[in-house]
Structures are given as C-alpha cells and as structure tokens.
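To keep things clear, I will list the structure first and then write my remarks on it.
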Amino acid sequence: MKITRISSVVVNARMRNWIFVKVETDQPGLHGWGEATLEWKTKAVVGAIEDLSQLLIGQDPRRVEHLWQIMHRQYFWRGGIVNCSAMSGIDQALWDIKGKEVGKPVCELLGGPVRDTLRFYDHLGGGSLEGMYKTIEPAQFADRLQESLAKGFTAVKAMPIPVAEPIENVKVLKHAAQCVEAMRKVAGDDVEIMLDLHARTSPAAAIQFGRLLVDYNLYWYEEPCWPEHVDGLVEVARALPMPIATGERLVLRPQFREIFEKRACAVIQPDVSHCGGISEARRIAAMAETYMISVACHNPQGPVSTAASLHVGFATPNYLIQEVVRKDVPWREEVVTEPINMEGGVSRAPTAPGLGIDVDEKEAAKHPFQPEVTMAYFHKDGSVADW
C-alpha cells in the first residue's frame with residue numbers, strides 16, 4: 001500500500017479555520033482523516049502539510065511510527081507549533097487508515113479501551129465566542145452553566161478572568177470571584193467547575209485570584225501563567241490548594257519534561273492536533289503517568305480532533321476527562337458523518353474502524369477559508385495584553 005496524495009480541507013468555523021487533513025492511498029476508497037487546526041496560523045499549517053507531504057508520497061501509510069520519525073527528523077528544522085500541528089493532522093490520518101485497513105477502531109490498536117465510558121466537560125455557552133469569551137456578569141455565568149447542566153454535562157469550564165494586569169486590584173478580583181460563586185450556587189456539589197485563566201495572569205495575580213476561590217472547590221485552575229515559565233507554575237501550584245492544569249501550547253515530549261520533573265501541574269493537557277498527533281500524545285501521557293499526573297487533552301477544535309482525542313482517552317489509563325466544544329457553529333456536525341455521540345455528557349468506547357468519522361467534503365466546501373475573528377486585547381494603559 002502506498003500514499004498517493006495528502007491534502008487539506010479548510011473549513012471556516014468563525015473563531016477557527018478547521019484544517020482537515022486527508023491522506024489518500026492506492027487502495028480504492030481507503031483514505032484517512034486528521035485535523036491540524038491552529039487558530040490564526042491556517043495558511044502556515046496548510047503550507048507545512050504540503051512541505052511534509054513531499055516526504056511521504058509513495059510511503060506505506062501503515063508504518064505510522066516510521067512516518068512520524070520521517071516527518072520529525074528528515075528536515076533539518078524541527079518542532080514548532082506550526083510544523084507539529086501539520087505532523088499531528090497527518091499522524092491522525094495515518095492511524096485512521098491503519099484502523100480502517102484492519103477493521104478496528106484506533107483505540108483497539110493503542111492497546112484497547114481501559115474504561116467503558118469517558119466523560120466530557122462543556123465550555124460555558126457550549127464554546128461559542130459569546131458564551132466563553134464575552135460572558136461578564138455573575139448572572140450570565142449562572143444562566144449559561146444551567147444550560148450545560150440541562151444538556152447532561154457534569155463538568156463545565158469557564159473564563160471569569162477579564163483582561164488581566166500583572167497585579168490585580170480588589171474590585172476586579174472580587175467581581176471575578178462573584179462569577180465563580182454564582183456558578184457554584186447553581187452547580188451544587190455534584191458538578192465540577194474548571195477555570196481557565198488563558199495565561200493572562202502573572203504568577204502573583206494568579207495567586208491573588210486563587211486565594212479568593214478556595215471555598216469553591218475547583219476541579220482545576222488552568223494556565224495561571226505562561227507554560228514556558230515553569231517555575232512560575234510551580235510557584236502557583238505550591239501557593240494554592242486547587243489542581244493546576246496546563247500544556248495546551250506545548251509540543252513534543254521535551255517541552256513537557258520540565259513540567260513533569262518539577263511537578264508544576266496535576267493535570268497535563270496535550271493537544272492531539274498540536275503536540276505531534278496521536279502517536280506523541282500517547283508518549284506524553286505515559287511520561288505523565290510515571291509522575292502520577294492526569295491527562296485531559298486540550299480540544300476546542302473541530303469534530304475530527306474530538307474523535308482523535310477520544311481514542312487517546314479511551315486507551316490511556318491516567319486520562320481524566322475530555323474537553324469538547326458543541327456550539328461554536330450551528331452546522332458543526334453537518335460537515336462530518338457519524339459525529340461523536342456524547343449523550344448525557346459521556347461517550348462509550350468507539351467501535352467503528354479507524355477514527356470512526358469521515359468528512360463530508362461537499363458540506364465542508366460550503367464554509368471556505370475566511371480570516372478568523374481576531375481576539376486583540378489591551379491593558380487600560382494601551383499596552384498589549386494576553387488573549
């Protein structure tokens with residue numbers, strides 16, 4: 001069997017351009033899909049996929065690890081979020097082909113499911129731009145959390161932190177804490193609440209805020225500062241009682257190593273569409289397991305990324321919970337066949353061959369590339385703030 005073509009299908013989903021990767025073979029009808037979505041880097045990733053395809057045309061797609069090594073090592077310049085996202089999409093598609101060829105779901109090829117069900121967590125507002133990023137008042141947080149509960153979710157992530165200063169003032173901190181309090185009152189003790197700080201804060205500001213949240217029993221406290229500032233993460237983790245989560249912006253095992261060695265988090269969040277694909281996510285998860293660190297793959301992207309993450313989750317012993325977006329665009333499930341079933345906020349182990357999902361290219365073509373919504377934030381004094 002030989003790879004005959006590698007191409008990209010770009011689908012504009014408002015906040016993101018989903019980058020679906022198609023790997024075709026010389027076996028009639030046998031192809032694989034992956035996802036390499038990277039916000040605001042669409043054309044760069046598509047170009048990187050074209051560059052990598054030159055190495056793989058004519059190769060046997062079933063030699064997944066061999067081809068991963070080729071993509072990673074054959075060009076002099078390695079790594080980087082753009083190149084690794086391109087690798088990730090291709091790697092997912094290779095696993096999809098391998099599973100289809102033998103008639104098995106990818107999670108079976110990874111050693112088989114280690115659990116019967118996997119729980120999802122919702123984004124506030126289902127992950128819509130307005131729900132996740134523009135919810136401001138405590139009452140809004142409470143109402144949108146109630147919507148998630150009505151959909152059957154028992155875990156929800158929100159972002160109550162505004163554009164943050166390195167050291168925050170009392171008014172801002174108390175308002176953010178009131179938003180969390182409003183969610184907890186609606187959720188009671190049966191629902192997990194995660195907070196995402198989006199690395200907008202310095203370690204000092206993250207600690208300031210975290211001390212106001214101790215009584216709300218957070219499931220985790222995500223990206224309290226830039227992940228490359230590992231000692232800053234350690235500082236936050238030691239100062240606060242809630243679990244720290246991070247890792248969505250990191251790629252390849254070496255970038256995760258220091259976080260594990262210093263126990264800078266309790267939950268690591270590799271992204272299967274960025275970190276190096278299914279192959280590398282599995283290796284990162286195995287590293288995490290040796291440090292008793294849980295895994296919860298980052299996944300605010302499209303439906304193919306969700307499928308790939310799900311297979312990793314079902315085959316990974318130290319997997320905790322799965323992120324999902326369900327309401328970014330109303331036609332989300334129309335561009336794929338057999339979308340993931342997450343009834344009641346959980347999924348059962350996949351049984352269809354490969355990733356169990358296919359892209360409807362005619363539907364996808366209805367939503368061609370457009371520049372994503374730009375999320376540009378500035379501090380009160382006009383200086384650039386983190387998104």
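Can you tell me the alpha carbon radius of gyration of region 287-344 divided by the globular rule-of-thumb value 2.2 N^0.38 Å? Walk me through the numbers before you get to the answer.
On the way: Rg = 13.0 Å, N = 58, 2.2 N^0.38 = 10.3 Å.
After normalising by residue count via 2.2 N^0.38 Å, the value is 1.26.
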When each of Lys43/Lys327; Lys43/Lys98; Lys22/Lys327; Lys22/Lys98 is checked by Cα-Cα distance, pairs over 22 Å
Lys43/Lys327; Lys43/Lys98; Lys22/Lys327
Using alpha-carbon positions, what is the distance between the centroids of region 68-124 and region 18-36, in Å?
13 Å
A correct fewest-to-most ranking of Asp358, Asp143, Asp96 by other Cβ atoms within 10 Å would be Asp143, Asp358, Asp96
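About the Cα centre of the chain, how large is the charge dipole given +1 on each Lys and Arg Cβ and -1 on each Asp and Glu Cβ? Please answer in debye to the nearest 20.
On the way: 41 positive and 50 negative charges, 78 e Å.
That gives a dipole near 380 debye.
How would you rank Trp68, Trp77, Trp18, going from fewest to most other Cβ atoms within 10 Å of each one's own Cβ?
Details: Trp68 20, Trp77 6, Trp18 26.
Ordered from fewest to most neighbouring Cβ atoms within 10 Å, Trp68, Trp77, Trp18 come out as Trp77, Trp68, Trp18.
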Considering the options Val214, Ala264, Asn169, tell which one lies farthest towards the positive end of the dipole of region 164-273, charges being +1 on Lys and Arg and -1 on Asp and Glu at the Cβ, about the Cα centre.
Asn169
Part-to-part distance (alpha-carbon centres) for region 237-289 and region 296-344, which is given in Å:
19 Å
Give, in nm to one decimal, the length gained when the segment between Arg257 and Ser383 is fully stretched (0.36 nm per residue of separation minus the Cα-Cα distance).
42.1 nm
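Sorted from largest to smallest, which semi-axis lengths in Å does the alpha carbon gyration tensor of region 90-195 give for its equivalent ellipsoid, taking the root of 5 times each eigenvalue?
Values: eigenvalues 279, 58, 29 Å².
Working from the Cα gyration tensor, I get semi-axes of 37, 17, 12 Å.
Taking a temperature of 4 °C and a viscosity of 1.567 mPa s, what whole-number D in µm²/s does Stokes-Einstein yield for region 1-130 with Rh from Kirkwood over alpha carbon pairs? Before the final figure, lay out the partial values.
On the way: Rh = 15.8 Å.
Rounded to a whole number, D works out at 82 µm²/s.
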Looking at His66, Val82, Gln92, which one has the Cα that reaches farthest to the positive end of the dipole of region 3-104 (charges on Cβ: Lys, Arg +1; Asp, Glu -1)?
Val82
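Hey, could you grab the Kirkwood Rh for the chain? Inverse mean 1/r over distinct alpha carbon pairs, Å, one decimal. Don't skip to the end; give the middle numbers.
Working: mean 1/r = 0.0474 Å⁻¹.
About 21.1 Å, per the Kirkwood formula over Cα pairs.
If you place +1 on the Cβ of every Lys and Arg and -1 on the Cβ of every Asp and Glu, how big does the dipole about the Cα centre of region 243-387 come out, in debye to the nearest 20?
The calculation lands at about 460 debye.
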Thr351 and Ala204 label points (each 7 Å along its Cα→Cβ direction) are spaced in nm at 5.8 nm
Dipole magnitude (debye, nearest 20) for region 290-352, charges at Cβ of Lys, Arg, Asp, Glu
120 debye
For each of Asp60, Asp215, count neighbouring Cβ atoms within 10 Å of the residue's Cβ, then give the residues from fewest to most.
Asp215, Asp60
In whole Å, largest first, the alpha carbons of region 38-115 cover along the principal axes 35, 29, 17
Tail beyond 14 Å, pair distance distribution of region 294-381 (Cα, percent):
70 percent
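Values quoted throughout were computed directly from the atomic coordinates according to the rules given, and no laboratory measurement underlies them. Because the structure is predicted, anything quoted here is derived from the model rather than measured. Backbone-built Cβ (ideal geometry, glycine too); neighbour counts: all protein chains shown.
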